[in-house]
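Read-outs throughout are calculated quantities, based only on the coordinates presented, and are distinct from any laboratory measurement. On a predicted model such as this, the values are computed, not experimentally measured, just so you know. Heads up, the Cβs are rebuilt from the backbone with ideal geometry, glycines too, and the neighbour counts pull from every protein chain shown.
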Amino acid sequence: MKLKSDLSTRPPAGDAKTRAYRADMAVQFIHCVGPQRAKLLGRLGLETVSDLLRHYPRDWQDRRHFSRVHQLVPGTMATVMGTVKARSTFRLRRGLTMTKIMLDDGTGFLAGTWFNQPYMRDRFSEGQRVLFYGKAEFYRGWQMANPDFELFETAEEDFIHLGRIVPVYPATEGLSQRVLRAVIYEALAHIPAKLPEIFSSEDVRALGFAPPGEALRQIHFPESEAARDRARQRLIFEELFLQQLAVVRQKQLYRLEPGQAFVVAGEKVRNFRQHLPFVLTGAQERAWTQIATDLGQARPMHRLLQGDVGSGKTVVAGMALCAAVDSGCQAALMAPTEVLATQHYFTLQKLLNPLGIVVELFTSGTKAKERREQAQRLAEGTIQVAVGTHALLEEHVVFARLGMAIIDEQHRFGVEQRARLRAKGAEPHVLVMTATPIPRTLALTVFGDLDVTTVDELPPGRVPVQTQCLSRGASRQAFAAVEQEVAAGRQAYLVFPIIEESEKLNLKSLLKEFEHLHEVFPHIRLGLLHGRLPREEKDAVMSAFKQGEIQVLAATTVIEVGVDVPNATVMLIENGDRFGLAQLHQLRGRVGRGREASFCFILADPKTEEGKRRMEIIARVGDGFKLAEEDLALRGPGEFFGLRQHGLPDLKLADLIRDADQIEPARALAGRILEKDPELSAPEHRNLKIVFTAVYGQRERLSRSG
């Protein structure tokens, strides 16, 4: 069946029967695409034939069933076949024309209408057989506005847009669904019938997969829902399998790297443990055992240390720092913000200075002369532990012997930044930390190249924080709780989303509200903290709050992570619907760090359903791991961390939540293949290596931990 489609007006590039497209051929050279359409396709990231074929439908419409005009129901989608009886274009008013094509199917008349598209009249001929698909409406007769259509040329016509299950694609301005369908249909028609198979025949049989070429054809233009679902099953598994091949291969490459075995039960580690004013939790002990086992090997550690807010990850990291010093090495701890880096610095100073370990803080706020002197002490090896922000990545920061790199809140750093810190040593041990618990699906994918250690136990005596979401008009209730806690000798945080007032945002600003707070709390000592303050002032404010000189600290989200003041028992968050679940949980984690009952009041009037759902979840769920799973389900993996810095290509068809049950089988298969053939050099893996390299290129050697 020959199709008279949107692309048929251009001359063919060659005989239709002999045309053949390679996977790496530019889309411009597909029959009837050309430079202009290639630019539009480029907006969708479609540069090659392979890209085009992996541009999967976001939905499908079943247009197989035909209706007669007398069977139409107003407001429903329908496909009608008939003969063109009349064509007309007329002016409704200045600047507005209507083109009407009238069909007759023997049971009645149906008008297809187009506004300001007079050229549509010439697309049809009277007496021609046509299919219309659209929403049927009745107004002085049956009509469809801007219907999809097919024009018959022969009785054996191959339909693209009607008479079948039709794909609906992610599109862009200037590229209609008709054009996308026609281009992809053309590409599918002229790729080899049999595409290279990346799985063994045994695996294909065991998994019940369609052949690769058949899967591509059925995902785009399925013969049935069952054929489409079988194709999706294969293509989803294939995507997850290739991703797992990348992360498992990276993990294998790590294990081949030479490294220094640390002394893990040396003097500094022993003294560190003896000087702790508390007993480690069982989870901390298990975490240290796993980390110490890695550090004791003559290959670099690549491990993720995760735990809920307040679970004591910093203490575990402190033991790793001591092991580095015991082994004659230096260590670095890099944090994303100055406030967090400073907090780590003070904590580690307190823990490590009594052991004779020299700890210094590196930030961009350090004066030039001091920076030069610091750099010299670091290069000489006098500084044993360097704590800092991105300032640690500057060229003049040179270590005498960096053996341990710890990256906190690592999802806030890009792949290259982590790699630059690691490059300052000779294959140092790497520990990445996060207080945002990682759902298992992401631990196996985004962080699948890392070994994972979980601190899943809070110190004894911690009381869960009681969380309440209130309307912004109910602030008095929250203020009363603040006054009550302060009167009992405790402290509070007030968190605001922005520093200064904005005409564009209807949000409470820190500086404006701080003036008002003096009226609300006339007898309470208030403090102010935000990211624009000079470092010395920030340090002074935090020190005064820790000492109890400041009773209520008004701040932006600079206090989100790392701030530890056990006497703070109440937090009020303004415009809480402006924050994500992970951020709200981190903020809430600044209270409840002692043995007293603690409270978090979130003032919000969410306008969206997602915003309302977030408020419901944060009030109900206190466990960070459960919260992370809910957050992942709510937002999806692409937005879970807010930044796409993991170095893996985006999944085009698979969904880490919906298809979670496919991840472990995909990982198991990838592991079995790489165990037998790490370089994919065996003849039976030739196709797999070609496809894997095409998808991942050099990414396979780029460590996501740095």
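In nm, to one decimal, how far is the Thr608 label point from the Asn353 one, both placed 7 Å along Cα→Cβ?
In this crude spin-label approximation the distance works out to 4.6 nm.
Scan the chain and report its longest stretch carrying no GluC sites (Glu not before Pro) that are both in a DSSP loop and have at most 10 other Cβ atoms within 10 Å.
Longest run free of exposed loop sites: 174-394.
Before anything else, pin down the relative contact order of the chain: Cα pairs under 8 Å, at least 6 apart, normalised by residue count, whole percent.
Once normalised by length, the contact order is 13 percent.
May I ask you to sort Asp308, Asp148, Asp59 by Cβ crowding, counting other Cβ atoms within 10 Å and putting the fewest first?
Asp59, Asp148, Asp308
Give the residue from Gly356, Val561, Pro678 lying farthest towards the positive end of the charge dipole for the chain; charges sit on Cβ (+1 for Lys and Arg, -1 for Asp and Glu) and the dipole is referred to the Cα centre.
Pro678
Cα to Cα, under 24 Å, and not fewer than 8 places away if on the same chain: which lysines meet these conditions relative to Lys135?
Lys4, Lys85, Lys100
To the nearest 0.05, what FRET efficiency results for Lys194 and Ala668 with a Förster distance of 22 Å applied to their C-beta separation?
Computed FRET efficiency for Lys194 and Ala668 comes out at 0.20.
For Glu500 and Arg535 in the same chain, what is the full-extension length gain: residue separation times 0.36 nm, less their Cα-Cα distance, in nm?
Length difference between fully extended and current span is 10.7 nm.
What FRET efficiency, computed as 1/(1 + (r/R0)^6) with R0 = 25 Å and r the Cβ-Cβ distance, is obtained for Thr76 and Gln117, rounded to the nearest 0.05?
Plugging the Cβ-Cβ distance into 1/(1 + (r/R0)^6) gives 0.55.
At 4 °C and 1.567 mPa s, grab the translational diffusion coefficient of the stretch 546-603 from Stokes-Einstein with a Kirkwood Rh over Cα pairs, rounded to a whole number in µm² per second.
Rounded, D is 110 µm²/s.
Before anything else, pin down the relative contact order of the stretch 206-297: Cα pairs under 8 Å, at least 6 apart, normalised by residue count, whole percent.
It comes to 24 percent, rounded to a whole number.
Can you compute log10 of I(q)/I(0) for the stretch 466-621 with the Debye formula, treating each Cα as one identical point scatterer, at q = 0.11, 0.12 Å⁻¹?
Here log10 of I(q) over I(0) equals -0.39, -0.46.
Hey, what angle do you get for helix 34-43 against the long axis of the chain, alpha-carbon based, 0 to 90 degrees rounded to 10?
40
Please compute, over every Cα-Cα pair in the stretch 46-164, the percentage with a separation greater than 22 angstrom.
39
Considering only the chain, what is the antiparallel percent among its DSSP beta bridges, to the nearest 5?
Within the chain, antiparallel bridges account for around 40 percent of the total.
Let me spell out the model: positive unit charges on the Cβ of Lys and Arg, negative unit charges on the Cβ of Asp and Glu, origin at the Cα centre of the stretch 267-455. What dipole size does that give, in debye rounded to 20?
Magnitude of the dipole: close to 120 debye.
Quick one: of Lys424/Lys538; Lys268/Lys350; Lys251/Lys313; Lys508/Lys607; Lys313/Lys367, which pairs are farther than 19 Å apart, Cα to Cα?
Lys424/Lys538; Lys251/Lys313; Lys313/Lys367
Name the trypsin sites (Lys or Arg not before Pro) in the stretch 79-153 that are in a loop by DSSP and that have at most 15 other C-beta atoms within 10 Å, would you?
Sites meeting the loop and neighbour criteria: Arg94, Arg140.
What ranking do Arg371, Arg593 get, fewest neighbouring Cβ atoms within 10 angstrom at the top?
Final ranking by Cβ density, sparse to dense: Arg371, Arg593.
Picking from Pro118, Trp142, Thr79, whose Cα lies most toward the positive end of the charge dipole for the stretch 76-154 (charges on Cβ: Lys, Arg +1; Asp, Glu -1)?
Pro118
Please give the FRET efficiency for Leu207 paired with Thr83, using the beta carbon to beta carbon distance and R0 = 51 Å, rounded to the nearest 0.05.
0.60
Run the dipole for the chain about the Cα centre, Lys and Arg Cβ at +1, Asp and Glu Cβ at -1, nothing else charged, and hand back the magnitude in debye, nearest 20.
That gives a dipole near 1340 debye.
Stick to the Cα atoms of the stretch 267-455, pair each with every other, and give me the Kirkwood hydrodynamic radius in Å at one decimal.
16.5
Treating the beta-carbon of each Lys and Arg as +1 and of each Asp and Glu as -1, no other charges, what is the dipole magnitude of the stretch 76-154 about its Cα centre, to the nearest 20 debye?
Computed charge dipole of the stretch 76-154: roughly 520 debye.
Using the number of other C-beta atoms within 10 angstrom as an exposure proxy, rank Arg635, Arg19, Arg422 with the fewest first.
Going from sparsest to densest Cβ surroundings: Arg19, Arg635, Arg422.
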